[in-house]
1. Checking residue 79 against (1) buried (at least 19 other Cβ atoms within 10 Å of the Cβ); (2) in contact with a strand residue (DSSP E or B) (Cβ under 7 Å, 6 or more places away or on another chain); (3) more than 20 Å from residue 58 (Cβ to Cβ), which single condition isn't satisfied?
2. From the set of residues in region 47-57 that are assigned to a loop (DSSP other than H, G, I, E, B) and in contact (Cβ under 8 Å) with a residue 60 or more places away in the chain, which is farthest from residue 147 (Cα to Cα)?
3. Suppose we filter region 213-232 for residues that are touching a strand residue (DSSP E or B) at 6+ places or on another chain (Cβ under 6 Å) and touching a residue at least 24 places away in the same chain (Cβ under 8 Å); how many remain?
4. With 99, 164 as the choices, which residue is in a loop (DSSP other than H, G, I, E, B), within 21 Å of the chain's Cα centre (by Cα) and either within 14 Å of ligand 2 (Cβ to nearest atom) or surrounded by fewer than 23 Cβ atoms within 10 Å (Cβ to Cβ) (or both)?
5. Quick check: is even one residue across region 181-189 closer than 13 Å to residue 354 by Cα, surrounded by fewer than 24 Cβ atoms within 10 Å (Cβ to Cβ) and touching a helix residue (DSSP H, G or I) at 6+ places or on another chain (Cβ under 9 Å)?
6. For region 105-134, how many residues meet the condition of being in contact with a strand residue (DSSP E or B) (Cβ under 7 Å, 6 or more places away or on another chain) and either within 16 Å of ligand 2 (Cβ to nearest atom) or not in a loop (DSSP other than H, G, I, E, B) (or both)?
7. Quick check: is even one residue across region 37-44 surrounded by fewer than 18 Cβ atoms within 10 Å (Cβ to Cβ), in contact (Cβ under 8 Å) with a residue 60 or more places away in the chain, more than 16 Å from ligand 2 (Cβ to nearest atom) and in a helix (DSSP H, G or I)?
Ligand SMILES: [Zn+2]
Ligand SMILES: [Zn+2]
């Protein structure tokens, strides 16, 4: 089969690789129909994620048709059309039973588990197409993919919904929804969303759905600001003027009731962090997170939807403490949100496909990585139709 493989920093290629097969009785094989490139794929593309090996198959956002099931899969049948959760959870361990699927104890093989315990104290769930630190599982930017614990990771989708309407339920829509939900939005609240990429756009929509009165989007890319404005957000261009002063002005001097960091570890705009990262004195660039903490009103919430992997410098713990902020940080419990969000999509309350700006084929994906990474051509989200 054909698959998008990682060969080094800035080097992904479409290679011919062996087809996957059932290894474990809980596995299913999915013939991929659609897949997308995520901001966290760009972290891998840019060489920031340790534990990648040449030839690793990328992609954690994908969906398709079940073509084979292991003998212990009793919820799925060949021919089912499914979306696949981007993190892998067993559904049976202490964490999965409490719907803390991102903390699954059983999906990482022992070698990844040991590294993550050293790095983080404990290992969480494995992720498709995302380095040998997170399981080393082959991803879904391919014609076929093996899905472990398929009964829990695959969610059947109704035929009347298109691939584009449901594909983003595999990762970024639940991520945006969980971030908005952790803001515990009251009617009348003002929510600031730092970063108006695909996750930020969906966070704007989810905050509105959850009752926010005013959503303010902060970014520097004109196309993203235009998309946010089209959704009814007030936009703040961070290249013009003082963002914190503008946020105060828009919120009666108090600051937003909650701030969502939808940027994560590769924030631009801080020479200080770029220097520290180059010198390996911090791994992640947290300039959006710092701004979110400074901007947030006293007693408000800062929710982190953008991914962080390592260590950051100049974390304003004093500001967070003195203002009594609630910090909600963490990987999304995708499996918890997929079905309820699918119902909302089905009921036409929500259609995440508006963030898709580019549609390509599997063969076009390497060029699409370069385009997305350079933010060329107004790129917010790339979807590849595989079959
Ligand atoms: Zn993703
Ligand atoms: Zn589990």
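The values are calculated or read from the model by the stated rules, or taken from the named source; none is laboratory data. This one's a predicted model, so the numbers in the text were calculated from it and none came from an experiment. Neighbour counts are summed over all protein chains in view; Cβ atoms, including those assigned to glycine, are modelled from backbone coordinates with ideal geometry.
1. (1)
2. 48
3. Residues that pass the stated criteria total 7.
4. Exactly one residue qualifies, and that residue is 99.
5. The answer is no, given that none of the residues of region 181-189 is closer than 13 Å to residue 354 by Cα, surrounded by fewer than 24 Cβ atoms within 10 Å (Cβ to Cβ) and touching a helix residue (DSSP H, G or I) at 6+ places or on another chain (Cβ under 9 Å).
6. 8
7. yes
Yes/no per residue for (1) more than 16 Å from ligand 2 (Cβ to nearest atom); (2) at pLDDT 95 or above; (3) more than 20 Å from residue 257 (Cα to Cα); (4) within 15 Å of the chain's Cα centre (by Cα):
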| site | (1), (2), (3), (4) |
| --- | --- |
| 168 | yes, yes, yes, yes |
| 179 | yes, yes, no, yes |
| 185 | yes, yes, no, no |
| 211 | yes, yes, no, no |
